[in-house]
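Q: Below is the structure I would like to discuss, written out as structure tokens.
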Amino acid sequence: MAVKRTPFIAGNWKMNLDHLQSIAFVQKLAWSLSDARHDFADAEVAVFPPFTDLRSVQTLISADSLPISYGAQDVSAHDSGAYTGEISGAFLAALDCRYVIIGHSERRTLHGESDDEVNAKVLAAHRHGLIPVLCVGETAEDLEAHGPSAVPVAQLRAALEGVDGSKGLVVAYEPVWAIGSGQAATPAQAEQVAAALRGVLAEVFSEETAQATRVLYGGSVKAANIASFLREPNVDGALVGGASLDIDEFSSIARFKKHVGA
Ligand code: PEP
């Protein structure tokens, strides 16, 4: 059963670019993609700016009808109330966010997010019509002790507890040791884990949902290595950190098909 999954190139800006910088950046990114005649059927392009940029990004994208998707980098597990500093999925939906990153390794390690919290955030995103970009991945120690798939598979299973598979999901396999290190996984490693994650989606939801769900690779992706990942049958795109802050590089990553003739 061959299902066509549109490749997804997602830029996680992390805590970079303020709201003024975000406007200039998205405008220039749109120009760069348009100048290069990027075909959005070849790859959907999304940016994930800090919360304070989202209103500016929404205004620009909507006013100029730019074909770029956007989302937030996190969401509260709660819908409203006494949760100082948190951002409700309702607020993100009101800004027309389509996606939200959940369970990024920096949230898991620096903010101590547990699998249960990640699961609660996935459910919260769905309550508000947002599509989670759910991050899973093993540390170097996990890799040594358990191999590449065990931890990401366990994280995915935990995150999907009680989740309705019809509400939309993107899974990002991000080995922690590859994030920001310049040392990407090999395409074969990414494929092995992406295939295992798709297996979990088939078990938890259905084969049809598993085939329709995009599984990304993330960790030191750049223009020079993106095509090698996208050649793998179970890798449907990339979550890009550092390289997403360089317009030419990110635009080049989105155009992976053309610049390497893949
Ligand atoms: C990330 O933070 O999600 C990421 C993949 O970062 P980098 O591309 O810089 O490794």
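The values are calculated or read from the model by the stated rules, or taken from the named source; none is laboratory data. Every value quoted in this text rests on a predicted model; they were computed, and no experiment measured them. Reconstructed Cβ throughout: ideal geometry from the backbone, glycine too, with neighbour counts over all protein chains shown. Heavy atoms of the whole protein, side chains included, go into the accessibility calculation; ligands, DNA and RNA do not. Shrake-Rupley method; radii C 1.70, N 1.55, O 1.52, S 1.80 Å.
Q: Scan segment 208-218 and tell me whether some residue there is more than 14 Å from the ligand (Cβ to nearest atom) and in a strand (DSSP E or B).
A: yes
Q: Now for a different question. In segment 182-195, which residues are touching a residue at least 40 places away in the same chain (Cβ under 8 Å), surrounded by fewer than 20 Cβ atoms within 10 Å (Cβ to Cβ) and under 18 Å from the mean Cα position of the chain (by Cα)?
A: If the condition is that a residue be touching a residue at least 40 places away in the same chain (Cβ under 8 Å), surrounded by fewer than 20 Cβ atoms within 10 Å (Cβ to Cβ) and under 18 Å from the mean Cα position of the chain (by Cα), then Pro187 is the only one that fits.
Q: Since Leu201 meets every condition but one in (1) within 16 Å of the ligand (Cβ to nearest atom); (2) within 19 Å of Gly237 (Cβ to Cβ); (3) in a helix (DSSP H, G or I), which condition does it not meet?
A: With respect to (1) within 16 Å of the ligand (Cβ to nearest atom); (2) within 19 Å of Gly237 (Cβ to Cβ); (3) in a helix (DSSP H, G or I), Leu201 is out only on (1).
Q: Turning to a different aspect of this structure: Would you call Val100 part of a helix (DSSP H, G or I), of a type outside the set (Ser, Thr, Tyr) and under 24 Å from Gly237 (Cβ atoms)?
A: So Val100 fails the test.
Q: Looking at Ala30, is it open to solvent by less than 60 Å² (accessible area, probe 1.4 Å), without any contact (Cβ under 8 Å) to a residue 12 or more places away in the chain and part of a helix (DSSP H, G or I)?
A: no
Q: How many residues does segment 60-93 hold that are of a type outside the set (A, V, I, L, M, F, W, C), assigned to a helix (DSSP H, G or I) and free of Cβ contacts under 8 Å to residues at least 40 places away in the same chain?
A: 1
Q: I need the full set of residues from segment 149-188 which are among the aliphatic types (A, V, I, L, M) and part of a helix (DSSP H, G or I), in order please.
A: Answer for segment 149-188, where residues must be among the aliphatic types (A, V, I, L, M) and part of a helix (DSSP H, G or I): Ala150, Val151, Val153, Ala154, Leu156, Ala158, Ala159, Val176, Ala178, Ala188.
Q: I've got another one for you. Identify, please: which residue in segment 220-244 is within 8 Å of the ligand (Cβ to nearest atom) and among the polar types (S, T, N, Q) and is, among those, nearest to Lys258 (Cα to Cα)?
A: Ser244
Q: If you don't mind, there's one more thing I want to ask. State the number of residues belonging to segment 200-221 that are of a type outside the set (A, V, I, L, M), open to solvent by less than 30 Å² (accessible area, probe 1.4 Å) and more than 13 Å from the chain's Cα centre (by Cα).
A: Looking only at that region, the number is 1.
Q: Name every residue in segment 97-137 that is more than 30 Å from Ser62 (Cβ to Cβ) and among the charged types (D, E, K, R), in order of residue number.
A: Arg108, Glu113, Asp115, Asp116, Glu117
Q: Are any residues in segment 1-26 modelled with pLDDT under 95 and under 16 Å from Val215 (Cα atoms), and if so, which ones?
A: Ala2, Val3, Lys4
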